[in-house]
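Take a look at the structure set out below.
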Amino acid sequence: MPGVAVKLTTREATPDLRRHLRPDARPWERGWLGRRRHELLEGLTGRVLDIGVGTGANLARYRDAAEVTLAEPDAAMRARLSRKLGQANVPVRLSDAPA
């Protein structure tokens, strides 16, 4: 499937992302979005860098990685993500580095 690259600053992207992270977006996770995450992330090995990780929806998918570095510059997203770090199946490091 072809990808689409969009260049946004964190300030521009974050409000839109927050809008899509509302509880009413959960059916997407149970449907097509969850399937797509599975296709892209299951079976990744080695060291993984997840940039703009948001609230950590990918966290449970990293089962075979040696370690995962999570980069999330937005403090509100990082706070939500930090509560999920204990659910990780692999060693993780959280960074506030900008995307």
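Here, each number is a calculation from the coordinates, and none is a lab measurement. The structure displayed is predicted, hence computed values, not measured ones. Cβ sites come from the backbone with ideal geometry, for glycine too, and all protein chains shown count toward neighbours.
If I stretch the segment between ARG93 and ALA76 completely, what's the gain in nm (0.36 nm per residue apart, minus their alpha carbon distance), one decimal?
4.4 nm
How much length is gained on full extension from THR45 to LEU33, taking 0.36 nm per residue of separation minus their Cα-Cα distance?
This chain segment gains 2.2 nm when fully extended.
Treat each spin label as a single point 7 Å out from the Cα along the C-beta direction, and report the ARG26 to GLU67 distance in nm.
Those two pseudo-labels are separated by 3.4 nm.
Could you please report the charge total around GLU67, scoring K, R as +1 and D, E as -1 over all other residues with beta-carbon less than 9 angstrom from its beta-carbon?
After counting each charged neighbour, the total is +2.
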